[in-house]
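Remarks on the structure that follows.
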Amino acid sequence: MSDKLQSTSDAAFALPDIASLTLRGRDCIAFAQAQFMSDIATLGDGQWQWSGWLTPKGRVIALFAVLRHSAERLDLVVLDADVDALATSLRRYVFRSKVSIEVHSDIYATGRFAPPSIAQNATAAIDAAGIELDFGSPAEPRTLVMREVDTDIAHDADAQLRWRAFDIAHGLPRLDVDQREQWTPQQLSLERLRAFSVAKGCYPGQEIVARTHFLGQAKRGLAVLRSAADAAAGEDVRTGEQVLGKVVSIAGDLALAVLPLERPDAPLQIGGIDVVDTPLLDGFAR
């Protein structure tokens, strides 16, 4: 990558839970528009948005950022999922479309808690060696770079935890394997990130998503809970003896949970430990 994209005063660190794959060919935009839950057709060259792939029942299989390089290339920056398995599953729907799906095993994600050198908001910086994305908010800048990794990139556990905590605080779920195919986009409050569309054409799960939206049936959404003790994804969130919801993602003392939008004004607990209901932070939509 060029010196412009590498220049920073903050050290980069590896993000092994983030990987990439490419959709390439004259039908790649149409293929992505028909499969993914965001409106890919609105992207211009060099722009990206949050998106995901759903089951026919409208449950989230994977979350990712979609970056348009050109009319014949899209990159997916995939969070937490097995990209080889994801690519294999997507290839089943190619049929006669002119699109190839390529996994980049030689491209790695690195992060910095510093403003991007060139990228800004939903506009990426792209050169021959990789991409730079603005993965921060106005209050806390972050930069994600996807490229061939340098040998001196640190595996900094504290920085990786801080990165994940930012995601959770801003309402970006980090879905462990047992949390995939469990939740609808509305239950994960993904409208906050503009990660799905109810106005574009059909895609897997679109009927469920649109019906929930237009009939006003979304009764659950995300909440950030802070605790003095570690929680675990899948744990119940309770008030007294009543189970209100479940933990979806964790990062240190933060838990992202799906809870009723209207719930009792009463103390919440995870594993018998009181937790504090904390407002979701804004500034991460694209």
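Within the stretch 227-259, the set of residues being exposed (fewer than 13 other Cβ atoms within 10 Å of the Cβ) and among the aliphatic types (A, V, I, L, M) comprises 228, 229, 232, 243.
Tally up the residues in the stretch 135-146 that are closer than 18 Å to residue 226 by Cβ and either among the small types (Gly, Ala, Ser) or open to solvent by 60 Å² or more (accessible area, probe 1.4 Å) (or both), please.
Here the count works out to 1.
Residue pairs whose Cβ atoms lie under 6 Å apart, sitting 6 or more positions apart in sequence or on different chains, and linking a residue in the stretch 163-186 that is more than 25 Å from residue 142 (Cα to Cα) to a partner that is part of a helix (DSSP H, G or I), are 186/212. Does residue 248 satisfy the condition of being in a strand (DSSP E or B) and farther than 30 Å from residue 43 by Cα? No.
Can you say whether residue 179 is open to solvent by 30 Å² or more (accessible area, probe 1.4 Å), more than 26 Å from residue 121 (Cβ to Cβ), of a type outside the set (D, E, K, R) and under 20 Å from the mean Cα position of the chain (by Cα), as far as the supplied structure shows? Walk me through how you get there before you give the answer.
Details: open to solvent by 30 Å² or more (accessible area, probe 1.4 Å): no; more than 26 Å from residue 121 (Cβ to Cβ): yes; of a type outside the set (D, E, K, R): yes; under 20 Å from the mean Cα position of the chain (by Cα): yes.
No, not satisfied.
Out of the residues in the stretch 227-242 meeting the condition of being in a loop (DSSP other than H, G, I, E, B) and over 27 Å from residue 209 (Cα atoms), tell me which one is nearest to the chain's Cα centre (by Cα). Even if it seems obvious, please write down each step before you answer.
Step one: of the stretch 227-242, the residues in a loop (DSSP other than H, G, I, E, B) are 228-235, 240-241.
Imposing the further condition that a residue be over 27 Å from residue 209 (Cα atoms) reduces the set to 228-232, 240-241.
On the way: 228: 26, 229: 25, 230: 22, 231: 21, 232: 19, 240: 32, 241: 33 Å.
By that ranking, first place goes to 232.
Taking the condition assigned to a loop (DSSP other than H, G, I, E, B), open to solvent by 20 Å² or more (accessible area, probe 1.4 Å) and either in contact with a strand residue (DSSP E or B) (Cβ under 6 Å, 6 or more places away or on another chain) or modelled with pLDDT under 95 (or both), does residue 165 pass? Judged against the criteria, residue 165 is not a match. Selection over the stretch 55-74 of residues that are surrounded by fewer than 16 Cβ atoms within 10 Å (Cβ to Cβ) and either in a loop (DSSP other than H, G, I, E, B) or among the β-branched types (Val, Ile, Thr) (or both) gives a count of 5.
Quick grid of which residues meet (1) open to solvent by 20 Å² or more (accessible area, probe 1.4 Å); (2) among the acidic types (Asp, Glu); (3) more than 14 Å from residue 12 (Cβ to Cβ); (4) modelled with pLDDT of 95 or more:
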position	(1), (2), (3), (4)
112	no, no, no, yes
122	yes, no, yes, yes
126	yes, no, yes, yes
148	yes, yes, no, no
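For the stretch 89-116, give me each residue that is more than 22 Å from residue 170 (Cβ to Cβ), part of a loop (DSSP other than H, G, I, E, B) and touching a residue at least 12 places away in the same chain (Cβ under 8 Å). Spell out how you get there, then give the answer.
Initially, the stretch 89-116 is screened for residues more than 22 Å from residue 170 (Cβ to Cβ), giving 89-108.
Then keep just the ones that are part of a loop (DSSP other than H, G, I, E, B); that gives 92-99, 104-107.
Once the filter is applied, which keeps residues that are more than 22 Å from residue 170 (Cβ to Cβ), part of a loop (DSSP other than H, G, I, E, B) and touching a residue at least 12 places away in the same chain (Cβ under 8 Å), the stretch 89-116 yields 93, 94, 97, 98, 99, 104, 106, 107.
Taken over the stretch 195-226, the criterion of being open to solvent by 40 Å² or more (accessible area, probe 1.4 Å), out of contact with any Pro (no Cβ under 9 Å at 6 or more places or on another chain), in a helix (DSSP H, G or I) and not hydrophobic (A, V, I, L, M, F, W, C) is satisfied by 211, 213.
Sort out which residues of the stretch 260-286 are under 26 Å from the mean Cα position of the chain (by Cα), buried (at least 20 other Cβ atoms within 10 Å of the Cβ) and not in a loop (DSSP other than H, G, I, E, B), and write them in order of number.
Within the stretch 260-286, the first condition is being under 26 Å from the mean Cα position of the chain (by Cα), and the residues that meet it are 260-262, 270, 275-286.
Now restrict to residues that are buried (at least 20 other Cβ atoms within 10 Å of the Cβ): 270, 275, 284.
Result: 270, 275.
Take residue 218 and decide whether it is touching a residue at least 24 places away in the same chain (Cβ under 8 Å), at negative phi and in contact with an Asp or Glu (Cβ under 6 Å, 6 or more places away or on another chain). It would help to see each step written out before you state the result.
Working: touching a residue at least 24 places away in the same chain (Cβ under 8 Å): yes; at negative phi: yes; in contact with an Asp or Glu (Cβ under 6 Å, 6 or more places away or on another chain): no.
Considered against the rule, which asks whether it is touching a residue at least 24 places away in the same chain (Cβ under 8 Å), at negative phi and in contact with an Asp or Glu (Cβ under 6 Å, 6 or more places away or on another chain), residue 218 comes out as no.
The values are calculated or read from the model by the stated rules, or taken from the named source; none is laboratory data. Nothing here was measured: the structure is a model prediction, and the numbers come from that model. Reconstructed Cβ throughout: ideal geometry from the backbone, glycine too, with neighbour counts over all protein chains shown. Surface accessibility is based on the protein's heavy atoms, side chains included, excluding ligands, DNA and RNA. Shrake-Rupley method; radii C 1.70, N 1.55, O 1.52, S 1.80 Å.
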